[in-house]
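Undergrad: Before I ask anything, let me first share the structure, which is written out below as structure tokens.
The values are calculated or read from the model by the stated rules, or taken from the named source; none is laboratory data. Every value quoted in this text rests on a predicted model; they were computed, and no experiment measured them. FYI the Cβ positions are ideal-geometry reconstructions off the backbone, even for glycines, and counts take in every protein chain you see. For the accessible areas, the whole protein counts, side chains as well, though only heavy atoms, and no ligand, DNA or RNA atoms are used. Shrake-Rupley method; radii C 1.70, N 1.55, O 1.52, S 1.80 Å.
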Amino acid sequence: MASILDDAVAKFKNNLKYYSEKDNSFSLTDFDLKSMTIPSKTISVNFPLKTSKGFKIFHAYRVHFNTERGPAKGGIRYHSKVDLDEVSALSLWMSLKNALMNLPYGGGKGGIEINPKEYSDQDIEKISREFVRQMHLIIGPETDIPAPDVYTNPQIMAWMSDEYNKIKGKKVPAAFTGKPISAGGSEARSYSTAMGGFYVLKKAAEEYKIPKNATIAIQGFGNAGRNFAEIASKQGYNIIAVSDSKGGIYNKDGLNIEKLIKHKRTQPVSTFPGKRISNEELLETDVDVLVPAALENVITEKNANKIKAKIILELANGPISEKADEILFKRKIIVLPDILANAGGVTVSYFEWLQNKKNQHWKETKVLKNLEERMSETFKILFNDYVQKFNVSFRIAAYAHAAKRIIKAKKKAEGCIE
Ligand code: NAD
């Protein structure tokens with residue numbers, strides 16, 4: 001079976017190769033590329049625990065990439081498919097995202113191979129605390145700062161942070177982010193991924209003349225998709241299609257998002273009034289903006305020619321395959337890539353870390369102002385210095401910009417440049 005890390009590295013290298021053909025001043029040696037794409041630290045642990053389902057052995061991982069820019073930063077995932085390969089690929093992407101956003105971090109990612117739905121809350125607390133006991137030597141505000149990811153949440157971060165404090169014998173809130181506000185979390189962290197994506201869309205809409213009441217289709221109605229729907233509809237956008245794992249719903253005149261959010265608390269979105277559509281149909285809906293906010297690889301060479309949106313905002317990680325990317329670029333569809341579009345979460349995690357280190361608590365307005373500045377600034381750099389100048393996609397621009405920052409930090413660390 002193909003390795004997820006190998007695929008991620010190949011995609012990264014292919015995009016940089018394409019960019020170096022356009023920009024003569026950009027050149028990376030094979031050594032540069034190699035050093036950027038191998039993990040700097042890999043930890044695997046196996047621990048037995050007594051749970052309500054009896055004695056079980058758990059496999060857990062933590063991987064660091066490109067830590068010359070700062071401590072490793074990235075989430076911890078609980079999923080039955082978690083393995084070292086997946087965690088490594090996710091950690092590489094985190095190093096690119098953190099460099100792109102100019103956050104003083106390398107990449108980090110961790111996970112436990114577990115189906116959390118099979119365990120009680122008490123079990124999850126016990127497993128989460130044990131993860132920290134196993135990993136505490138590499139975790140810390142200046143070495144590795146975990147956060148929530150798939151099937152982990154603020155409560156799990158609170159347990160982990162508490163366990164870490166007990167081990168260290170003092171309060172170290174900056175060792176974990178994505179905590180509940182009562183445990184040192186930041187305002188706006190819960191919806192920061194969607195908010196960051198919205199700020200990126202706002203800038204793209206200005207440049208590409210997308211009207212304020214533009215139509216949007218959203219795949220996925222979880223943390224990223226639901227919050228994005230709420231934010232965009234409040235700002236006047238017209239959400240005409242959304243879906244979840246059970247299928248989608250369409251209304252050409254616009255869906256009432258407030259009512260849909262209430263509906264989703266007890267039922268799938270597809271039972272909301274409107275026309276039922278499949279997830280495939282949702283992706284091909286005639287809209288101005290398409291927002292994949294669920295799974296990887298949903299737009300491939302099979303359906304890339306059928307996409308009608310003018311802009312695709314990737315809130316999900318990796319929703320577009322490499323081949324589809326090329327087709328969309330040729331069709332002049334603007335793709336705002338995951339490492340930019342969904343970077344609002346880690347950016348507010350950075351603000352949380354700063355607040356914890358300085359013993360501050362910022363108001364929501366301050367968090368949002370700082371988030372908008374950083375997302376808009378990054379969009380502007382990619383748009384002006386790469387997309388317009390060299391006629392490349394935003395993904396290639398994002399990879400090239402992140403790579404430049406990482407290489408610069410590596411050379412500085414080696415004393416090669418001032
Ligand atoms: P979530 O679990 O809260 O929601 C996922 C949604 O996708 C659910 O509504 C689910 O029903 C839907 N879904 C699942 N299978 C589907 C299918 N086959 N077709 C359509 N919809 C389907 O997850 P989330 O936190 O919203 O994350 C969604 C994506 O965004 C993931 O790729 C994640 O890595 C990415 N992301 C999330 C954050 C964040 O802060 N939440 C940050 C960065 C990236």
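Undergrad: Being of a type in the set (D, E, K, R) and farther than 27 Å from Ala147 by Cα: is that true of Lys363 here? Please lay out each step first, then the result.
TA: Working: of a type in the set (D, E, K, R): yes; farther than 27 Å from Ala147 by Cα: no.
In short, no.
Undergrad: OK, next. State all residues of the stretch 161-172 that are surrounded by fewer than 16 Cβ atoms within 10 Å (Cβ to Cβ) and of a type in the set (A, V, I, L, M); if no residue qualifies, say none.
TA: Of the residues in the stretch 161-172, the ones surrounded by fewer than 16 Cβ atoms within 10 Å (Cβ to Cβ) are 166-171.
Of everything in the stretch 161-172, just one residue is surrounded by fewer than 16 Cβ atoms within 10 Å (Cβ to Cβ) and of a type in the set (A, V, I, L, M), namely Ile167.
Undergrad: Would you be able to say whether some residue in the stretch 100-123 is under 24 Å from Asn15 (Cβ atoms), touching a helix residue (DSSP H, G or I) at 6+ places or on another chain (Cβ under 8 Å) and assigned to a helix (DSSP H, G or I)? Show your work before the answer.
TA: First, pick out the residues of the stretch 100-123 that are under 24 Å from Asn15 (Cβ atoms): 100-103, 105-109.
Those left that are additionally touching a helix residue (DSSP H, G or I) at 6+ places or on another chain (Cβ under 8 Å): 100-103, 105-109.
After this cut, where a residue has to be assigned to a helix (DSSP H, G or I) as well, the list is 100.
Among the residues of the stretch 100-123, at least one is under 24 Å from Asn15 (Cβ atoms), touching a helix residue (DSSP H, G or I) at 6+ places or on another chain (Cβ under 8 Å) and assigned to a helix (DSSP H, G or I), which makes the answer yes.
Undergrad: How many residues does the stretch 20-38 contain that are touching a helix residue (DSSP H, G or I) at 6+ places or on another chain (Cβ under 8 Å), open to solvent by 80 Å² or more (accessible area, probe 1.4 Å) and of a type in the set (A, V, I, L, M, F, W, C)?
TA: The number of residues fulfilling the criteria is 0.
Undergrad: May I ask you to say which residue of Ala224, Ala158, Ala175 is open to solvent by less than 10 Å² (accessible area, probe 1.4 Å) and either within 19 Å of Glu364 (Cβ to Cβ) or under 24 Å from the mean Cα position of the chain (by Cα) (or both)? Lay out the reasoning, then the answer.
TA: Working: Ala224 fails: open to solvent by less than 10 Å² (accessible area, probe 1.4 Å); Ala158 fails: open to solvent by less than 10 Å² (accessible area, probe 1.4 Å).
Of the residues listed, the single one that is open to solvent by less than 10 Å² (accessible area, probe 1.4 Å) and either within 19 Å of Glu364 (Cβ to Cβ) or under 24 Å from the mean Cα position of the chain (by Cα) (or both) is Ala175.
Undergrad: Of all residues in the stretch 51-67, which are touching a residue at least 24 places away in the same chain (Cβ under 8 Å) and either open to solvent by 80 Å² or more (accessible area, probe 1.4 Å) or in a strand (DSSP E or B) (or both)? Quick ask: steps written out before the conclusion?
TA: Restricting attention to the stretch 51-67, the residues satisfying the condition of being touching a residue at least 24 places away in the same chain (Cβ under 8 Å) are 51-53, 58-67.
Within the stretch 51-67, Thr51, Ser52, Lys53, Phe58, His59, Ala60, Tyr61, Arg62, Val63, His64, Phe65 meet the criteria.
Undergrad: For the stretch 312-409, which helices (runs of 4 or more DSSP H) that fit wholly inside it have 2 or more residues that are open to solvent by 10 Å² or more (accessible area, probe 1.4 Å), on the phi < 0 side of the Ramachandran plot and away from the ligand (no atom under 16 Å from the Cβ)? Before the answer, list the steps.
TA: Values: elements: 322-330, 338-341, 344-358, 364-382.
The helices (runs of 4 or more DSSP H) meeting that bar are 322-330, 344-358, 364-382.
Undergrad: Over 22 Å from Ala204 (Cβ atoms) and either open to solvent by less than 30 Å² (accessible area, probe 1.4 Å) or touching a Ser or Thr at 6+ places or on another chain (Cβ under 8 Å) (or both), is that true of Asn251?
TA: Values: over 22 Å from Ala204 (Cβ atoms): yes; either open to solvent by less than 30 Å² (accessible area, probe 1.4 Å) or touching a Ser or Thr at 6+ places or on another chain (Cβ under 8 Å) (or both): no.
So Asn251 fails the test.
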